[in-house]
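What follows is one structure encoded as structure tokens, with my remarks underneath.
Values quoted throughout were computed directly from the atomic coordinates according to the rules given, and no laboratory measurement underlies them. What you see is a predicted model, and the numbers here were worked out from it, not measured in a lab. Cβ: placed from backbone, ideal geometry, glycine included. Neighbour counts: every protein chain shown.
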Amino acid sequence: MESVKLAIRNALRHRLRTGLTVLGLIVAILAFGLLQTVVDAWYAGAESASNTRLITRNAISLVFPLPITYRDKIRRVPGVTAVSLANWFGGVYISEKNFFPQFAVDPTTYFKLYPEYLVPEEQMKSFLRDRKGAIVGRKLADAYGFKVGDVVPLRGTIYPGTWSFVVRGIYDGAEKGTDTSQFFFHWDYLNETVKRTAPRRADNTGICIVQIAAPELAAEVAGDIDREFKNSLAETLTETEKAFQLGFVAMTEALVIAIRIVSFLVIFIILAVMANTMAMTARERTSEYATLKALGFGPGFLSRLIFGESLAIALAGGMAGIALTFPVADAFAQRMGTLFPVFNVSRETIWMQMVAALVVGCAAAIVPAVRASRVRIAEGLRAIG
Amino acid sequence: MKLPLSYIARNLLTRKLTTALTAGGMALVVFVFATVLMLEEGLRKTLVQTGTWDNAVIIRRSSGTEVQSVIDRNQAAVIVTAPEVAYGADGEPMASKEIVVLINLEKRGSAKPANVVIRGVGAKGLALRPQVKLVDGRMFRPGSSEIVAGRAIAERFSRAGLGEALRFAGREWTVVGLFDAGGSGFDSEIWGDGDQMMQAFRRNVYSDVIVKLVSTDRFPAFRDGVESDPRLTVEAKRETVFYAEQSELLANFIRILGLTLSVIFSFGAVIGAMITMYAAVANRTAEIGTLRALGFRRRSILAAFLLESLFLSLLGGAIGLVLASFMQFVSVSTMNWQSFSEIAFRFSLTPRIALQSLAFAAIMGLLGGVLPAARAARLKIVDALRAA
């Protein structure tokens, strides 16, 4: 107990130095936490995927559509309980900077397949009645100030022309990890317009969303669907929703890896700072350690003293950094708007931050502790800072 | 009177561990800073080199990317007859009507999917891109299911090597040659015969048209001509500008993320320098008093400590830069969000980036050293001497 008190007292002897070190630790732990959260945000789509949903797309790539007739053929495959469709629209709201995903969906089935998108019943009814209606996510609505009844114009990049939609409903997420930055509208509206302007592109969908009776059937049903369309003009590739989402992550994996590496670099940077602080402190106190030894304290006591001081500083910085992570992450998510649809600090991140602080605290104390326990009394007493 | 530089350098040598740790922290920060700039520069180089200045790309208005663009045969025929389009030795216009689609390929080893650009080119497609050179095998024969792959693609993707065959759009396509596009974006593409691709993908429209202009200053006239033609719904861009714009989003993302991180990390490094310099001042109080008593000015003391901090940070900066220079051997491939396709590029170190990194290190050193140096300079001779 005495040694703990002494360690903390020691930490407070150089207030400026300790203060600066703690400040550095706070920034590092905070940065580490935020970077881990950014990486998590990348995987958010895959995390929230349901294991009873499959995605069927054109085998060549997502750029190629599927004929709408596939919907009925897929529905007849044993094990399939429901089929819906979604088509990427790729519209621009005012300017390219305002990016958010828009999908033309089959209104009646889509929201049944995605029960995590909660739409008030009244709004759902008015959405179904209005062919130009749209349902927007809460986060998206907040970011651009969309209200029910607002008209939203989108300039089509894939489908030429300016399209206008009327917001008929706003959906909330059932869970914290649900993506509420999307924009949904009637596939029929898209298709009818395309039929007039570019008939060859009509009656197509980007992907089919397939609901299956049980997760164990996934592999079997996916195989059956793909066999059904083998050697047709549009061969399909069916995978679980999770695999589909992970496919997107894999495409930008280099960026994720870079962020991961950098998030560990920051720990090394702060380790250098912290180790420096401890090395300097121990060096200045060489004669003190010699005195303690002369009084009969063993090397174990000295090591405890140094480790205690280092850990005290590391924990103070670590705790403050963790505490700050939440408000800073919130502010960051606000600034980023819909770029990161889901941005939550996970429990794993907090654990990793704590471990990082502990590791930094311990690692910084190793060299000074070894030196202090090796110091000879006579030499130590002679040493000057 | 100034304090000799050797005095400053020797102070750093005395405390080897402290100097190494502080400089090490700085080195890591400079490493991050430099690699981010190198990454952005590499991406920029790749995409700028993709274009040729006197070529123009014509895509459907407001489609943004080649893949989303659609130009039907009639419109394409009108475009190539514009008076600004150059003619080849064979009397044909220097134009290539192309079809650009994405296909999903799996990476070698990991089997992870990525979107790869397949470009069906016209007869003049190769002549329009002088930077594209065949390095292995032969060119595809027009009218056959043969393709040539960029080197970056052949290395990274399974079944895309020379002599192998890819299956897409209901056909087997044999890779008969590999080309090198001088580190440009074309390195991440697969090329084949445009008409064969149109049949295989069952499309009757082109994606875009590339033309060579008679002279580079005729571009504005060409652009105004095609954009105001009532028969056309297209926009024209210089090829270089077009590809540079394709990477804007990704380049911005890398820059903003990287610079934000550098600033946050530099905070840690500045604190490290500050701690070191404060300790240096505290340890040498008596020494400073002696120097002052010998007649050295406050100014000289201030300069000496600032220089010490500067040396320390430049040492760190140099180490960081050396580490970063090794990154030039690494190449990165990722999806470009705008074009939704895979692109490979390298870290590229330029003298400018080296200077920027060292300047960044110097600023960190000065920021960390200024307060401790001021404290040292403000010490009173009597107090300082008594501290011993």
Directionally averaged projected area (convex hull, Cα atoms, chain B), nm²: 24.5 nm²
For the stretch A:60-234, the fraction of alpha-carbon pairs in successive 10 Å shells from zero, as %: 9, 35, 35, 18, 2
Separation between Cα centres of the stretch A:331-385 and the stretch B:330-388, rounded to whole Å: 22 Å
Global geometry of the stretch B:75-126, whether rounded, prolate or oblate, following the gyration tensor of its Cα atoms and the 1.5 cut on a/c: prolate
Alpha-carbon centroids, the stretch A:48-67 and the stretch A:238-254: separation in whole Å: 11 Å
Ratio of Rg to Rh over the stretch B:62-232 (Cα coordinates, Kirkwood Rh, two decimals): 0.99
Spin-label model distance (nm) - B:Leu162 vs B:Ala286, 7 Å beyond Cα toward Cβ: 7.5 nm
FRET efficiency for A:Glu175 and B:Asp90, using Cβ-Cβ distance with R0 set to 60 Å, rounded to 0.05: 0.40
Spin-label pair B:Glu172/B:Trp53, simplified geometry with 7 Å Cα→Cβ offset, distance in nm: 4.7 nm
Calculated log₁₀ intensity ratio I(q)/I(0) where the Debye formula runs over C-alpha points of the stretch A:284-385, q = 0.10, 0.14 Å⁻¹: -0.45, -0.65
The stretch B:153-225 and the stretch B:1-80: distance between their alpha carbon centers, rounded to Å: 27 Å
DSSP beta bridges in the stretch A:60-234 [antiparallel fraction, %, rounded to 5]: 70 percent
At q = 0.11, 0.14 Å⁻¹, base-10 log of I(q)/I(0) for chain A (Debye sum, equal scatterers on each alpha carbon): -0.83, -1.14
Helix-only mean residue ellipticity at 222 nm for the protein assembly as shown, each DSSP H run of n ≥ 4 adding -39500 (n - 2.57), per residue, nearest 500: -17500 deg cm²/dmol
Two-site label geometry, A:Phe332 and B:Lys133: point separation in nm, points 7 Å out along Cα→Cβ: 4.6 nm
The stretch B:166-253 - Rg (one decimal) and Dmax (whole number), Cα, Å: 16.8, 44
Built amide H within the under 5 Å cut-off of B:Val234, gap 5+: B:Arg61
Debye equation applied to the C-alpha atoms of the protein assembly as shown, log10 I(q)/I(0) at 0.07, 0.08, 0.09 Å⁻¹: -0.65, -0.80, -0.93
Phi to ³J(HN,Hα) by Karplus 6.51 cos²θ - 1.76 cosθ + 1.60 over the stretch B:110-122, Hz, x for Gly, Pro: 8, 6, 7, x, 8, 8, 10, 7, 10, 10, x, 9, x
20 Å Cα-Cα reach of B:Lys2 towards aspartates and glutamates, excluding residues that sit fewer than 8 places from it in its own chain: B:Glu287, B:Glu308
Two-site FRET efficiency, B:Lys2 against B:Gln328, from Cβ-Cβ distance with R₀ of 41 Å, rounded to 0.05: 0.55
Where trypsin sites (Lys or Arg not before Pro) fall in DSSP loop in the stretch A:124-231, at most 14 other Cβ within 10 Å: A:Arg131, A:Lys132, A:Lys147, A:Lys176, A:Lys230
In sequence order, calculated HN-Hα J values of the stretch B:82-97 (Karplus, 6.51, -1.76, 1.60; Hz; x Gly/Pro): 4, x, 7, 7, 6, 10, x, 5, 7, x, 8, x, 7, 9, 10, 8
Per principal axis, descending, Cα span of the stretch B:273-357 in whole Å: 69, 23, 22
